[in-house]
Amino acid sequence: MQSLIGTGVALVTPFKKDFSVDSEALERIVNFQIDNGIDYLVVLGTTAENSTLSQDEKELVIKTVIDANKGRLPLVLGVGGNDTNKVVEELKTRDFSNFVAILSVSPYYNKPTQEGIYQHFKAIAKASPLPIILYNVPGRTASNMLPSTVLKLANDFKNIVAIKEAAGDIVQAMKLIQGKPEGFHVISGDDMVTLPIVLAGGSGVISVIGEGFPKQFSDMVRLGLNKKVSDAYKLHYLLVDAIDMIFEQGNPAGIKEVHKMLGLSENTVRLPLVNVDKDLRERLSKFVKSL
């Protein structure tokens, strides 16, 4: 899975002012990523406001990204949830011919035990026709997938090939890197600690900030992978304030504000998310202009 090394971005779903999916804007966003050095694209992750999309809208998003990409970059599809049987059913019935892997989030809200998490992904591994990227994001799921659980899954199932680690815990990430089997990828899911994770032996990132500033962020990751530490940290510190700002009032409200400033899309989000306030908008605008 060399295609998972480097910078992936979790694509937003742009909406028009009437809250309908804006396919033309999504095409612009995809091309903006490709033209500025991103390595792969993640479709229908959390940043896509997946939970607010109808099934028809999800299919429209998938088709739009595939058509806009034109086979240029590897595509990863988000397929996860807190109903194991429902996830398994989608894995058995969906056409995955345009994708290289799936990204599957640890079950949210239910708060399963570590054994429950293991059994959930065991069922997914048995059903999936594609390699699987686990996704650990305790801030959203209310449960942390421990390194022992991740490493057990990685060793027991050859098609579990990576984890997007978004616990915001560099020690936990280092334990994963230390104990992982050969060929397993530890991918940062937290923009702020991406460079430290890469320098510690991680494979890259699935990013949000990279969707707004793809050249700078993907250059930082490449420099980190090549152990050009000083140059990589210059770009890291260039983007630190923006990373804080885009998550300050919710994701993807922040990155959608950046997209509007770049002329890529409207800043529309669906409830229960709301647009960023005037103060944050002005600070983001100042940053974008200065960059």
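The values are calculated or read from the model by the stated rules, or taken from the named source; none is laboratory data. Remember, predicted model here, so these are calculated numbers, not experimental data. We place every Cβ from the backbone using ideal geometry, glycine too, and count neighbours over all the protein chains shown. Ligands, DNA and RNA are excluded from the accessible area calculation, which covers all protein heavy atoms including side chains. Shrake-Rupley method; radii C 1.70, N 1.55, O 1.52, S 1.80 Å.
Could you work out the relative contact order of the range 180-285? I mean the mean sequence separation of Cα pairs under 8 Å and 6+ apart, divided by the number of residues, in percent. Intermediate results must be reported in sequence, preceding the final value.
Numbers: 127 pairs, mean separation 19.3, N = 106.
Result for the range 180-285 is 18 percent.
Scan the range 137-196 for trypsin sites (Lys or Arg not before Pro) in coil per DSSP, keeping those whose Cβ has at most 10 other Cβ atoms within 10 Å, and list them by number. Numbers along the way, then the final one.
Values: sites: R140, K152, K158, K164, K175; in loops: K158.
Taking the range 137-196 and a limit of 10 other Cβ atoms within 10 Å, no loop trypsin sites (Lys or Arg not before Pro) are found.
For the range 118-214, GluC sites (Glu not before Pro) meeting the loop criterion (DSSP other than H, G, I, E, B) and having at most 13 other Cβ atoms within 10 Å: E182. Past the 22 Å Cα-Cα mark, which pairs from K16/K260; K58/K278; K164/K260; K92/K126; K260/K289? In this structure, K58/K278; K164/K260 exceed 22 Å between Cα atoms. Solvent-accessible area assigned to carbon and sulfur over the range 9-88 amounts to 47 percent, based on a 1.4 Å probe. Summing -39500 (n - 2.57) over the DSSP H runs of n ≥ 4 in the chain and dividing by its residue number, what mean residue ellipticity at 222 nm do you reach, to the nearest 500 deg cm²/dmol? Helices in the chain give a 222 nm mean residue ellipticity of -14500 deg cm²/dmol.
For Cα extents along the principal axes in Å, computed directly from the structure shown, the correct entry in (1) 65, 43, 33; (2) 49, 46, 35; (3) 105, 47, 44 is (2).
When only C-alpha pairs under 8 Å and at least 6 residues apart count, what is the relative contact order of the range 1-97, in percent?
Details: 109 pairs, mean separation 29.7, N = 97.
Dividing the mean separation by the residue count of the range 1-97 yields 31 percent.
Relative contact order (percent) for the chain, with alpha-carbon contacts under 8 angstrom and 6 or more residues of separation?
On the way: 538 pairs, mean separation 55.8, N = 291.
Reported as a whole number, the value is 19 percent.
Restricting attention to the chain, close to 5% of DSSP beta bridges with both partner residues there are antiparallel.
In the range 214-291, which trypsin sites (Lys or Arg not before Pro) fall in coil by DSSP and have 14 or fewer other Cβ atoms within 10 Å?
Details: sites: K215, R222, K227, K228, K234, K256, K260, R270, K278, R281, R283, K286, K289; in loops: K227, K228, R270.
When the trypsin sites (Lys or Arg not before Pro) of the range 214-291 are filtered for loop state and at most 14 Cβ neighbours within 10 Å, K227, K228, R270 remain.
Select from D18, D190, D39 the residue whose mean-square fluctuation is largest in a Gaussian network model of the chain (Cα-Cα springs shorter than 10 Å). Maximum among the listed residues: D18.
Averaged over its residues, the range 68-173 has an accessible area of 44 Å² per residue, based on protein heavy atoms and a 1.4 Å probe. Converting phi to 3J(HN,Hα) with the Karplus coefficients 6.51, -1.76 and 1.60 and the offset θ = phi - 60°, the range 57-67 yields 5, 4, 5, 5, 4, 4, 4, 4, 5, 4, 5 Hz in sequence order, with x at every glycine or proline. Top mean-square fluctuation among V12, V65, V240, Gaussian network model of the chain, C-alpha springs under 10 Å? Answer for the Gaussian network model of the chain: V240. Once you reduce the range 67-105 and the range 230-291 to the center of their Cα atoms, the two points are 28 Å from each other.
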